[in-house]
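Peer 1: First the structure, which I've put down as structure tokens, then a few questions once you've had a look.
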Amino acid sequence: MDIQAAAGGMPTALVTELGRVDVGRGREELHLGQAPQLLERLAAQTRFESITASNAIENVVVEADRALDLIGQSEPIFRDRTEREFAGYRDAIDYLMNKEAEPLSVPLILHTHRQLVRHIDDPLAGKFKEEDNLIGDRSADGSVTVVFEPVRAGRDTERSMQELVERYEDAVSSGAAHALVLIAALVLDLLAIHPFRDGNGRVARLITTNELLRHGYGIARYVSVEQRIYASRNSYYDALRSSQVGWHEGRHDLWPWAGYLLRLLADAYDDFERRVVGQRSLRGATKEDQARDYILNHAPREFRSAAIVAALPDISPATVRNALIGLRDEGLVTSTRGRSAMWRRVDPPSSAAPA
């Protein structure tokens, strides 16, 4: 971890983003005191969105109605490896969300990986990679171009991980830089080391959530950071690659990656504020109106009805269905046919809603 880079030279635009995030955290604390039950409902929605999105980033995708079963059942019967991987993220994020805050450690990172792959037969569950790995881009013709070579397996990875955690904790203890900048530097290095044979991206996002919560940024509970990464995944990878150039020589630039993360968190806090204000304005509204509000203002542009049901646990599937039919009749959503119909929000021509 380059503490010197994290401690100084931050672009002015990112100072502004830090300010936005910290203002958002203050509003979060206010809402937590005034509307705790509302935040509990948002947390239930966010849990489903985060598990689904972080898996989707790695092409671990299951149908929405099946995702509802896998997330809601403590011991589901798995149909295939994809479902086992999907449920592993559920277990890992639930563990991190519910445990007491503690300093980051190598054992905690290893345990997070073990939780992530606990449902698959992986002899390296909770263990560092035993062979070198490469990060590459696959083109349309199937060829792969290497874009980054992580730290070598074995002692190099073990030493790098121990040094990373120690330097991070020292920087946190000394207040060497803003906590969010330190988290960005931590995650950049974690992904550059790429310590596991599989699951590095998901572990990095889980550790991001853990450290945000530890430092008092509860946004990961109430707005899905993972869903925002999924929606902007090209920018996510571009920022990582830009910041990893020269990493091995210590000549890399933290700020493209840190800037991406800070803007994402600032936007997430803005979304959080809109959700809270919107939900509070719906007090006394019918359940169907609440479902309509979520579909029009907070759901992904494309979705299946099961995803809406999962995101709104206090609203019945029949009510969600009625809301969808009403919106379709009004021309605000469209749908394909069949049991697993895909729904799509029809945004006004003047708006540019994110996919």
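The values are calculated or read from the model by the stated rules, or taken from the named source; none is laboratory data. None of these values were measured; they are calculated from a predicted model. With ideal geometry, Cβ positions are generated from the backbone for all residues, glycine too; neighbour counts draw on all protein chains shown.
Peer 1: Which number in (1) under 14 Å from D91 (Cβ atoms); (2) exposed (fewer than 15 other Cβ atoms within 10 Å of the Cβ); (3) not aliphatic (A, V, I, L, M) marks the one condition that S50 misses?
Peer 2: Of (1) under 14 Å from D91 (Cβ atoms); (2) exposed (fewer than 15 other Cβ atoms within 10 Å of the Cβ); (3) not aliphatic (A, V, I, L, M), only one is false for S50: (2).
Peer 1: Can V21 be described as touching a residue at least 24 places away in the same chain (Cβ under 8 Å), in the same structural domain as L264 (by TED's automatic domain parsing) and either in a loop (DSSP other than H, G, I, E, B) or among the charged types (D, E, K, R) (or both)?
Peer 2: Details: touching a residue at least 24 places away in the same chain (Cβ under 8 Å): yes; in the same structural domain as L264 (by TED's automatic domain parsing): yes; either in a loop (DSSP other than H, G, I, E, B) or among the charged types (D, E, K, R) (or both): no.
So V21 fails the test.
Peer 1: Okay, moving on. Of all residues in the stretch 56-70, which are surrounded by 12 or more Cβ atoms within 10 Å (Cβ to Cβ), within 16 Å of the chain's Cα centre (by Cα) and of a type outside the set (G, A, S)?
Peer 2: Pass one, the stretch 56-70, residues surrounded by 12 or more Cβ atoms within 10 Å (Cβ to Cβ): 56-58, 60-70.
Filter once more, keeping what is within 16 Å of the chain's Cα centre (by Cα): 56-58, 60-61.
Selection gives I57, E58, V60, V61.
Peer 1: Does at least one position in the stretch 224-234 carry a residue that is part of a helix (DSSP H, G or I), among the aromatic types (F, W, Y) and over 15 Å from L96 (Cβ atoms)?
Peer 2: Yes, that holds for at least one residue.
Peer 1: Right, here's the next one. Specify the residue that is surrounded by the fewest Cβ atoms within 10 Å (Cβ to Cβ); the eligible residues are those in the stretch 95-131 that are in a helix (DSSP H, G or I) and of a type outside the set (A, V, I, L, M, F, W, C). Step through it out loud before you land on a result.
Peer 2: Quick first cut of the stretch 95-131, residues in a helix (DSSP H, G or I) only: 95-98, 106-116.
Next, from what is left, pick out any that are of a type outside the set (A, V, I, L, M, F, W, C): 95, 98, 107, 111-115.
Details: Y95: 16, N98: 7, P107: 10, H111: 16, T112: 23, H113: 28, R114: 18, Q115: 22.
Taking the candidates together, the pick is N98.
Peer 1: Still on this model: Among the residues in the stretch 40-56, are any in the same structural domain as L188 (by TED's automatic domain parsing), at pLDDT below 90 and polar (S, T, N, Q)?
Peer 2: The answer is yes; a qualifying residue exists.
Peer 1: Same structure again: Does E85 count as in contact with a helix residue (DSSP H, G or I) (Cβ under 8 Å, 6 or more places away or on another chain) and either of a type in the set (V, I, T) or more than 14 Å from R205 (Cα to Cα) (or both)?
Peer 2: Judged against the criteria, E85 is a match.
Peer 1: Counting residues that are closer than 21 Å to G19 by Cα and assigned by TED's automatic domain parsing to the domain that holds N234, which helices (runs of 4 or more DSSP H) fully inside the stretch 246-325 reach at least 1? So that I can check it myself, show each step before the final result.
Peer 2: Working: elements: 255-281, 287-297, 305-311.
Because the criterion is at least 1 residues that are closer than 21 Å to G19 by Cα and assigned by TED's automatic domain parsing to the domain that holds N234, the helices (runs of 4 or more DSSP H) in the stretch 246-325 that meet it are 255-281.
Peer 1: Name the residue, out of S174, S235, that is free of Cβ contacts under 8 Å to residues at least 12 places away in the same chain and either under 21 Å from T52 (Cα atoms) or not aliphatic (A, V, I, L, M) (or both). Steps first, answer last, please.
Peer 2: Values: S235 fails: free of Cβ contacts under 8 Å to residues at least 12 places away in the same chain.
Sole residue among the options that is free of Cβ contacts under 8 Å to residues at least 12 places away in the same chain and either under 21 Å from T52 (Cα atoms) or not aliphatic (A, V, I, L, M) (or both): S174.
Peer 1: Tally the residues that are in contact with a helix residue (DSSP H, G or I) (Cβ under 7 Å, 6 or more places away or on another chain) and either within 14 Å of A185 (Cα to Cα) or at pLDDT 95 or above (or both), restricting the search to the stretch 233-248.
Peer 2: First, pick out the residues of the stretch 233-248 that are in contact with a helix residue (DSSP H, G or I) (Cβ under 7 Å, 6 or more places away or on another chain): 233, 235-236, 239-240, 242-244, 247.
Next, from what is left, pick out any that are either within 14 Å of A185 (Cα to Cα) or at pLDDT 95 or above (or both): 235-236, 239-240, 242-244, 247.
So the count comes out to 8.
Peer 1: Can you find, within the stretch 326-344, the residue that is surrounded by the most Cβ atoms within 10 Å (Cβ to Cβ) among those that are part of a loop (DSSP other than H, G, I, E, B) and not acidic (D, E)? Break it down stepwise before answering.
Peer 2: Taking the stretch 326-344 as the starting set, the residues that turn out to be part of a loop (DSSP other than H, G, I, E, B) are 330-332, 336-341.
Next, from what is left, pick out any that are not acidic (D, E): 331-332, 336-341.
On the way: G331: 8, L332: 16, T336: 10, R337: 7, G338: 7, R339: 8, S340: 13, A341: 12.
Looking at the filtered set, the residue picked out is L332.
Peer 1: Same structure again: Scan the stretch 91-148 for residues that are free of Cβ contacts under 8 Å to residues at least 24 places away in the same chain, under 21 Å from R214 (Cβ atoms) and hydrophobic (A, V, I, L, M, F, W, C) and jot them down.
Peer 2: Correct list: L110 only.
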